[in-house]
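Peer 1: Pasting a structure below so you can have a look.
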Amino acid sequence: MALPTSIAVVFGFFSRLSLRNRRTWLLMGAAFIPILVLLVARAVTAGRTGSAIGPVLFHQMAVPFLFTLYIPLMGLLGGSSCVGDEIDQRTLVFLTTRPVKKSAVLVGKAGVQAAISLGIVLPALLLSFAIGFGSFILSSEGLARLGKYLLAAGLATLAYTGLFVLLGTLMKKPVIAGIVYIFGWEYVVQFIPGSTQHLTISHYVKSLLPYKAAGEGFLMFQLEPSPVLHAAMVLLLLSAVFLVLATRVFSQKEYVLSEPRV
Amino acid sequence: MAPVLEAESLSKWYGNILGVSDISLVLMPGVHGLLGPNGAGKTTFLRLASGQLKPNRGRIRIFGEPVFNNPGLFQRVGFCPENDAYYRGVSGGDYLSFLARLHGASTQKARNLARTALHQVGLEEVAGKAISAYSLGMRQRLKVSAAILHDPQLLILDEPLKGVDPLWRVRITDLIRDFASRGRTVIVSSHVLPEIEAMTNRIVLIHQGQILAEGDIQEIRGLLDSHPHMVSVCAPHFRRIAERFVGDHHVLTIRFDNVRQKVVFNTDNRDHFFACLNRFVVEENLEIEEITSPDDNLQAVFNYLVGRK
Amino acid sequence: MPVKERGYHGWEGSLAPRRLPWFPITLQGIRQVKDKKRAKLLFFFSAFPFLFFLIGVYVASKPELRFLDEITRVINDDSQFFDLFFTRSGLMFVLFLLSVYAGSDLISADLKFNSIQLYLSRPLKPIDYLAGKLAVVMFYLLMFSLVPALLLVAAKLLFSGTWSLGFSTLAAIFVYPFLASLALASLVLLFSSFSANTRLVIVAYVGFFFFTNMLAGILSGVVFNHSALGLLSPERTMRHLAALLFGTKAAMAAPLWVAPLLVVGVSLVALAWTLTRIRRVEV
């Protein structure tokens with residue numbers, strides 16, 4: 001069977017399976033918690049005069065939540081589940097003893113995870129932006145800014161999913177390593193002088209954001225952001241490289257289906 | 001005729017644990033029973049044969065082709081794994097349709113193939129039900145149907161009758177025999193000798209990762225019959241029974257257990273022993289509480305063969 | 001009849017109940033965590049805050065290194081020193097990671113393999129099962145918080161030659177890691193009891209911590225402009241607790257007594273909830 005057809009068949013089956021999975025709905029619910037908080041916060045600050053509170057809330061609540069927490073964690077959970085779930089449930093054998101290339105299986109499954117993440121993240125971002133900026137969203141400037149956020153979220157989702165799909169094919173317990181990467185490496189690197197920040201996905205994601213956060217927190221900038229086009233290309237390239245490497249590993253590696261994994 | 005499966009000095013270990021060691025085997029079309037106690041290496045061998053594992057040493061070929069990372073081969077091979085594993089939230093029908101689509105079938109053809117395969121294992125009525133709602137035996141039958149779905153040339157079945165009720169054991173056994181009668185090859189593993197006997201007379205005995213014996217089941221049976229057997233007879237007048245066997249040259253040892261009121265015989269001819277026992281019981285109208293053969297199992301045969309080796 | 005030939009039914013004794021029925025679960029769990037892949041690597045990195053502070057203690061005891069006066073002053077102030085060690089040295093992240101590593105699969109793996117039923121079919125109550133699991137996480141958390149703190153006390157004594165530690169600081173050195181470990185252990189076990197999928201457990205647990213931290217920041221800084229809302233964050237609450245116990249300056253305007261109440265309260269609620277979830281498993 002042709003590779004694209006195999007990928008489509010795998011994608012179709014696992015997307016249906018994911019939509020029936022309680023976990024997907026739980027994750028979707030989690031993405032909307034900050035939106036709820038934003039709504040409450042807007043209601044509380046409704047009478048407050050002075051600087052526009054909506055954009056502040058969006059930049060300090062929705063953006064950090066989505067870009068530094070939700071997208072990486074969704075990537076970690078989804079990416080590591082591509083192979084991890086099959087090994088945990090010992091179902092991998094059903095896919096690897098059929099006449100389809102292992103790369104088709106992995107790409108199909110990774111595609112489902114990326115699609116689910118995008119399907120949750122993009123509407124959540126859109127809603128947050130609408131709540132934060134109100135009617136500004138209808139202006140051309142507002143739309144352009146929203147587009148940049150959506151682009152950044154989309155590319156970040158692809159890159160993180162790709163990275164953790166690769167980690168999931170390489171390691172038996174990829175989640176803790178992934179957490180160390182997200183909350184350890186990506187955070188610590190911000191304090192390291194030089195261009196070490198180029199070795200993180202978050203640097204390129206941050207470079208795509210139209211609003212530069214000041215002060216402390218995950219979105220602090222120690223290094224000049226990369227140009228937007230450069231950052232976008234790097235993220236796309238990283239996603240592709242991670243996925244290609246993952247398919248290589250998955251095709252050549254044997255998975256012993258008898259031990260529980262984390 | 002070209003061999004279906006060829007294994008050459010095949011070895012596989014997991015860290016320090018030996019899976020299979022230096023197995024060389026050639027299998028021709030027909031049903032082949034892979035027999036061995038738990039942990040003998042049957043599953044490892046079948047995982048190597050189905051391309052799930054890479055050999056550490058040696059090689060394995062099916063239809064002359066290497067198995068690992070050779071997806072095209074699975075158009076001709078069907079595999080039923082031992083694990084009770086399934087996708088939650090999917091029905092048996094949808095699951096089989098998906099597998100059929102992986103074989104290149106169109107949506108409609110996949111549905112038809114799924115329906116036929118489910119019919120063969122008696123699951124057509126529950127095709128729309130979630131697999132998680134199936135009983136263990138039904139899930140086992142579903143796995144068998146997934147293996148035969150695409151009408152493969154070679155069927156590899158790892159403990160296919162585990163958890164299946166007696167009626168369906170017979171039907172699946174018939175299914176396997178019928179499958180092989182059409183010139184196909186089946187490799188089926190089990191640790192239960194009668195299960196294999198019902199399917200084939202060609203067996204491969206595997207023990208501690210090595211092939212212990214290979215060939216016709218009658219020869220193995222012969223070994224089973226000629227090795228000393230232990231028979232324990234529990235009866236109120238157990239000494240009178242023992243008395244009758246003292247002069248029998250097929251009885252090698254006699255041991256008494258006063259507390260449990262039983263006598264344990266060691267015989268080198270089981271059939272002869274039981275014929276005599278029946279006769280004595282009838283002649284003397286003896287009351288018997290229990291007759292057991294503590295070592296009449298596959299493990300005993302293995303122990304005997306290992307001992308002889 | 002020789003004893004070896006007497007079967008179980010012939011035995012006329014009675015089974016004495018174990019005084020600590022949960023203890024075998026703990027021992028088994030400790031062994032399992034120790035044997036996990038990369039455990040030694042994690043333990044090695046977990047000792048970094050201790051090693052860093054140990055060097056500090058050594059430096060402070062050397063008169064020739066007086067150019068580090070400011071650091072020396074902090075190190076010699078026991079309350080500040082241990083407050084820093086527990087809350088600002090990266091130890092909290094280490095303890096958090098250890099709780100994930102040691103605790104995330106303790107109940108979820110049992111749910112996955114249906115082994116809670118096996119435990120509860122023994123003379124074990126659900127609370128014994130939970131106590132056994134809690135003790136596993138507590139063991140590792142205390143091993144990398146209380147034990148290094150006590151070693152630092154010993155190092156201070158060895159290097160300076162005088163005992164300067166007040167009773168309240170000494171008590172705090174015991175109470176703080178115990179409460180912090182209790183809170184982390186009970187929360188990770190609660191999350192572990194939510195799903196048989198350990199990956200989901202870990203991601204949800206990590207997400208909970210970082211999200212509450214973020215929420216505390218936005219609510220206390222932007223929406224309500226009241227630092228007491230920082231108590232929504234477990235990390236900030238632990239710092240508040242350390243301020244109370246070590247008598248150091250608090251970062252939040254909330255009363256200090258709220259912190260222990262919150263830590264103990266959250267731990268008890270989490271444990272009670274976990275117990276309910278364990279009881280729900282059919283035997």
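The values are calculated or read from the model by the stated rules, or taken from the named source; none is laboratory data. Everything numeric in this text was worked out from a predicted model, so none of it was measured. Glycine gets a Cβ as well: all are built from the backbone with ideal geometry, and neighbour counts include every protein chain shown.
Peer 1: Which residues, counting only those in the stretch B:202-220, are surrounded by 15 or more Cβ atoms within 10 Å (Cβ to Cβ) and either under 14 Å from B:PRO37 (Cα atoms) or free of Cβ contacts under 8 Å to residues at least 40 places away in the same chain (or both)?
Peer 2: The answer is B:ILE203, B:VAL204, B:LEU205, B:ILE206, B:HIS207, B:GLN208, B:GLY209, B:GLN210, B:ILE211, B:LEU212, B:ALA213.
Peer 1: Let me spell it out: the conditions are (1) in contact with a helix residue (DSSP H, G or I) (Cβ under 6 Å, 6 or more places away or on another chain); (2) at pLDDT 85 or above; (3) within 30 Å of C:VAL57 (Cβ to Cβ), and C:LEU165 meets all of them except one. Which number is the exception?
Peer 2: So the condition that C:LEU165 fails would be (2).
Peer 1: If I filter the stretch B:100-115 for residues that are facing another protein chain (nearest Cβ under 9 Å), within 30 Å of A:THR24 (Cβ to Cβ), more than 19 Å from the chain's Cα centre (by Cα) and of a type in the set (Lys, Arg), do I get at least one hit?
Peer 2: Yes; the residues of the stretch B:100-115 include at least one that is facing another protein chain (nearest Cβ under 9 Å), within 30 Å of A:THR24 (Cβ to Cβ), more than 19 Å from the chain's Cα centre (by Cα) and of a type in the set (Lys, Arg).
Peer 1: If you go through the stretch C:192-203 one residue at a time, do you hit one that is away from chain A (no Cβ under 12 Å) and under 22 Å from the mean Cα position of the chain (by Cα)?
Peer 2: yes
Peer 1: I've got another one for you. Pairs, please: C-beta under 6 Å, at least 6 apart or cross-chain, first residue over 15 Å from A:PHE164 (Cβ atoms) and in the stretch A:231-244, second crowded, with 18+ Cβ neighbours inside 10 Å and not aliphatic (A, V, I, L, M)?
Peer 2: Correct list of pairs: A:ALA231/A:TYR204; A:ALA231/A:SER207; A:VAL234/A:TYR204.
Peer 1: May I pose another question? Pick out, from the stretch B:165-282, the strands (runs of 3 or more DSSP E) lying fully within it that include 3 or more residues that are under 26 Å from B:GLN140 (Cβ atoms) and either of a type in the set (Phe, Trp, Tyr) or in the same structural domain as B:SER11 (by TED's automatic domain parsing) (or both).
Peer 2: B:185-190, B:202-207
Peer 1: So which of C:LYS156, C:LYS62 is of a type in the set (Lys, Arg), more than 14 Å from chain A (Cβ to nearest Cβ) and buried (at least 18 other Cβ atoms within 10 Å of the Cβ)?
Peer 2: None of the others qualify; the one that does is C:LYS156.
Peer 1: Can you name the residue in the stretch A:1-16 that is part of a helix (DSSP H, G or I), touching a residue at least 60 places away in the same chain (Cβ under 8 Å) and not aromatic (Phe, Trp, Tyr) and is also nearest to the other protein chains (Cβ to nearest Cβ) among such residues?
Peer 2: The qualifying residue nearest to the other protein chains (Cβ to nearest Cβ) is A:VAL9.
Peer 1: With respect to B:GLY33, is the statement that it is part of a strand (DSSP E or B), under 19 Å from B:GLY215 (Cα atoms), within 19 Å of the chain's Cα centre (by Cα) and at pLDDT below 95 true?
Peer 2: For B:GLY33, the condition - part of a strand (DSSP E or B), under 19 Å from B:GLY215 (Cα atoms), within 19 Å of the chain's Cα centre (by Cα) and at pLDDT below 95 - is met.
Peer 1: Do we have any residue at all in the stretch B:61-71 that's in contact (Cβ under 8 Å) with a residue 40 or more places away in the chain, within 10 Å of chain A (Cβ to nearest Cβ) and more than 19 Å from A:PRO4 (Cα to Cα)?
Peer 2: The answer is no, given that none of the residues of the stretch B:61-71 is in contact (Cβ under 8 Å) with a residue 40 or more places away in the chain, within 10 Å of chain A (Cβ to nearest Cβ) and more than 19 Å from A:PRO4 (Cα to Cα).
Peer 1: Another question about this same structure. When B:ILE131 is evaluated against the numbered criteria (1) more than 10 Å from chain A (Cβ to nearest Cβ); (2) free of Cβ contacts under 8 Å to residues at least 40 places away in the same chain; (3) under 25 Å from A:ASP88 (Cβ atoms), which criterion, by number, is the only one it fails?
Peer 2: (2)
Peer 1: Another one. Just one of (1) farther than 25 Å from C:MET138 by Cα; (2) more than 12 Å from every other protein chain (Cβ to nearest Cβ); (3) in contact with a His (Cβ under 8 Å, 6 or more places away or on another chain) trips up C:SER227, so point out which.
Peer 2: Single failed check for C:SER227: (3).
Peer 1: Counting only residues that are within 14 Å of chain C (Cβ to nearest Cβ) and farther than 17 Å from A:LEU73 by Cβ, how many does the stretch A:172-199 have?
Peer 2: Summing the residues that are within 14 Å of chain C (Cβ to nearest Cβ) and farther than 17 Å from A:LEU73 by Cβ in the stretch A:172-199 gives 3.
Peer 1: Here is a further query. Can you name the number of the only condition in (1) more than 7 Å from chain A (Cβ to nearest Cβ); (2) surrounded by 23 or more Cβ atoms within 10 Å (Cβ to Cβ) that C:GLY221 fails?
Peer 2: C:GLY221 satisfies all of (1) more than 7 Å from chain A (Cβ to nearest Cβ); (2) surrounded by 23 or more Cβ atoms within 10 Å (Cβ to Cβ) except (2).
Peer 1: Another one. Being touching a residue at least 12 places away in the same chain (Cβ under 8 Å), within 14 Å of chain C (Cβ to nearest Cβ) and surrounded by 15 or more Cβ atoms within 10 Å (Cβ to Cβ), is that true of even one residue in the stretch B:228-247?
Peer 2: Taking every residue of the stretch B:228-247 in turn, none turns out to be touching a residue at least 12 places away in the same chain (Cβ under 8 Å), within 14 Å of chain C (Cβ to nearest Cβ) and surrounded by 15 or more Cβ atoms within 10 Å (Cβ to Cβ).
Peer 1: Something else about it: State which residue is nearest to A:ARG98 (Cα to Cα) when the search covers only the stretch B:116-157 and only residues that are charged (D, E, K, R) and surrounded by 21 or more Cβ atoms within 10 Å (Cβ to Cβ).
Peer 2: Residue satisfying both the conditions and the ranking: B:LYS143.
Peer 1: Only one residue in C:LEU231, C:LEU261, C:LEU256, C:LEU170 is under 27 Å from C:VAL100 (Cα atoms), over 18 Å from the mean Cα position of the chain (by Cα) and not hydroxyl-bearing (Ser, Thr, Tyr). Which one?
Peer 2: The match here is C:LEU231.
Peer 1: Suppose the filter is free of Cβ contacts under 8 Å to residues at least 60 places away in the same chain and under 25 Å from the mean Cα position of the chain (by Cα); does B:TYR95 pass it?
Peer 2: No: the conditions fail for B:TYR95.
Peer 1: Moving to a separate point now. I'm checking my understanding of the structure. Among residues of the stretch B:74-94 that are part of a helix (DSSP H, G or I) and surrounded by 23 or more Cβ atoms within 10 Å (Cβ to Cβ), which one is farthest from the other protein chains (Cβ to nearest Cβ)?
Peer 2: Result: B:GLY92.
Peer 1: Against the definition (farther than 23 Å from A:ILE87 by Cβ and not assigned by TED's automatic domain parsing to the domain that holds B:GLY128), how does B:GLY15 come out, yes or no?
Peer 2: The answer is no for B:GLY15.
Peer 1: Identify, by number, the condition in (1) more than 11 Å from chain B (Cβ to nearest Cβ); (2) within 20 Å of the chain's Cα centre (by Cα) that A:VAL40 doesn't meet.
Peer 2: Checking A:VAL40 against (1) more than 11 Å from chain B (Cβ to nearest Cβ); (2) within 20 Å of the chain's Cα centre (by Cα), the one that fails is (2).
Peer 1: Still on this structure: Kindly indicate whether A:VAL83 is within 30 Å of B:ILE156 (Cβ to Cβ), touching a Phe, Trp or Tyr at 6+ places or on another chain (Cβ under 7 Å) and of a type in the set (A, V, I, L, M).
Peer 2: The answer is yes for A:VAL83.
Peer 1: Identify all residues within the stretch B:47-72 that are β-branched (Val, Ile, Thr) and assigned to a loop (DSSP other than H, G, I, E, B); write none if there are none.
Peer 2: B:VAL67
Peer 1: Give B:GLY51, B:GLY41 a once-over and let me know the one that is under 23 Å from B:ILE206 (Cβ atoms) and within 11 Å of another protein chain (Cβ to nearest Cβ).
Peer 2: Of the residues listed, the single one that is under 23 Å from B:ILE206 (Cβ atoms) and within 11 Å of another protein chain (Cβ to nearest Cβ) is B:GLY51.
Peer 1: Which of (1) farther than 28 Å from A:VAL56 by Cβ; (2) within 9 Å of another protein chain (Cβ to nearest Cβ); (3) in a helix (DSSP H, G or I) is the odd one out, the single condition C:ALA185 does not satisfy?
Peer 2: (2)
Peer 1: Next question. From the list A:PHE67, A:PHE58, A:PHE94, which one is among the aromatic types (Phe, Trp, Tyr), modelled with pLDDT under 95 and farther than 24 Å from A:ALA246 by Cα?
Peer 2: Sole residue among the options that is among the aromatic types (Phe, Trp, Tyr), modelled with pLDDT under 95 and farther than 24 Å from A:ALA246 by Cα: A:PHE58.
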